[in-house]
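Below is one structure, written out as structure tokens; comments come after it.
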Amino acid sequence: MKKTLYKFATVINLKLYGDDESERHFKAVEKMLDDIDQQINMSNKDSEIHAINEAAGKKAIKVSKGTFDLMKVSIEYAKDTQGAFDPSIGPLVSLWKIGNGGEHVPDVNLINQAKSLVNYKDIIMDEANLTIKLAKEGMSLDLGGIGKGYAADLVADYLHEEQVESAIIDLGGSSIIAIGRKPSGEQWRIGLQDPDRERGEQLALIQLDNETIDSSGVYERFFMENGVRYHHILDPKTGFPTKNGLKSVTIIGGTATDADVLSTAVVVMDLEEGMAYMKQKQNVEAMFITEDNRIYMTPGLKGKINLTNTRYTLVE
Ligand code: AMP
Ligand code: MG
């Protein structure tokens, strides 16, 4: 059975196969997604992350274990990616407002000011008391680059506990978990989004079972000004949308939380740095699409991607 939900500005598609309790599962998942929204959605004024942002520079806020642990993972990745992924990106996200309509390139002084507030080292975590404090006033957290993966993992945990053996969890077409195999016993065939086309138009298919896929790209949310595309993945070092020859990155493997962070982080890096970074990671593969429509991949993906669109070239 299929169900579409709309939560945290994301279209969520769930497909459960061979299970006569689907309706019960859909209800449970919906409740779970609402709880996640209350924890980590910075745009939700009742959320824990919103409370932390409101109290920036003033006080520590007590949070749930889930939020605390997710922030811990976010900070570990911020260190590991040398700040390419930074959960304290909030001031820049709020300034650019990409995807909200009526955007324009902000004044460079404002960009520099916002940029100076982005630094994961200024997030103060207190494990014993489960509190989080932002050291400086004006700082803010934004978990948009990790939240969908986190939510997908929790939904998958639930479905595993309920012994659902065949399912697809799809958050916004960017965080996908395939559970088991198709009811027929065949592998799933997952379409990879064509970065230049409408959502749902594919450039390649990949066959797999029990796997996680996460994509990030400059096509997801953006505005144009003077012929330049300004998209939603920001480089904490420059304060501007990244501009490094990459259109999109797809990560395959790991938890969906890992894959979500990694795809965002690697878009911030360039092809060379991102490839080197991904090659030293175990059990996670990456596929990069460059602006000149070439597709590069880590060795573990060779032979697994079937191109369905001739505008692209696989670099084997
Ligand atoms: P994704 O679509 O997973 O790549 O995440 C993009 C979202 O992550 C953006 O809409 C922002 O909310 C947030 N974001 C943008 N740039 C960064 C960054 N450098 N580090 C962490 N989060 C970011
Ligand atoms: Mg991401």
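Taken together, the values in this text are just the output of simple stated rules run on the coordinates, not laboratory data. These numbers were taken from a predicted model, which means no experiment stands behind them. Positions of Cβ are backbone-derived with ideal geometry, glycine not excepted, and every protein chain shown enters the neighbour counts.
Figures for the structure shown
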item: Burial order of peptide ranges 222-229, 66-73 (average beta-carbon count within 10 Å, highest first); result: 66-73, 222-229
item: Point-to-point label distance, residue 276-residue 229, nm (Cα→Cβ direction, 7 Å offset); result: 2.6
item: Test item: Cα-centred dipole of segment 162-314, Lys/Arg +1 and Asp/Glu -1 on Cβ, debye; result: 320
item: Residue among 237, 27, 79 with the largest mean-square fluctuation in a Gaussian network model of the chain, springs linking Cα atoms under 10 Å; result: 27
item: Total formal charge among the other residues, if their Cβ is under 11 angstrom from that of residue 222, Lys/Arg +1 and Asp/Glu -1; result: -1
item: Order of 6, 17 - criterion: other Cβ atoms within 10 Å of each residue's Cβ, fewest first; result: 6, 17
item: Proximal charge balance of residue 113 [Cβ under 14 Å; K/R count +1, D/E count -1]; result: 0
item: Sorted by Cβ neighbour density within 10 Å, fewest at the top, the residues 242, 250; result: 242, 250
item: Local electrostatic count at residue 59 - Lys and Arg +1, Asp and Glu -1, tallied over other residues with Cβ under 12 Å; result: 0
item: Relative contact order computed over segment 8-93 (Cα-Cα under 8 Å; 6+ residues apart), in percent; result: 13
item: Mean Cβ count within 10 Å, highest first, over the residues of peptides 262-275, 188-201, 40-53; result: 262-275, 40-53, 188-201
item: Simple Cβ-charge dipole of the chain, Lys/Arg +1 and Asp/Glu -1, about Cα centre, in debye nearest 20; result: 480
item: Highest to lowest packing among 304-311, 177-184, 145-152, scored as the average C-beta count within 10 Å; result: 145-152, 177-184, 304-311
item: Potential extension, residue 112-residue 64 segment - 0.36 nm per residue separation minus Cα distance; result: 14.0 nm
item: Violating pairs (Cα-Cα greater than 29 angstrom) within the set 65/279; 148/304; 31/243; result: 65/279; 31/243
item: Helix-derived mean residue ellipticity, 222 nm - over the chain, DSSP H n ≥ 4, -39500 (n - 2.57), to 500; result: -9500 deg cm²/dmol
item: Two-site FRET efficiency, residue 316 against residue 128, from Cβ-Cβ distance with R₀ of 45 Å, rounded to 0.05; result: 0.30
item: Virtual spin-label span in nm between residue 199 and residue 304, 7 Å along Cα→Cβ; result: 2.6
item: Farthest positive-ward along segment 61-214 dipole, Cα basis, beta-carbon charges - from 172, 155, 102; result: 102
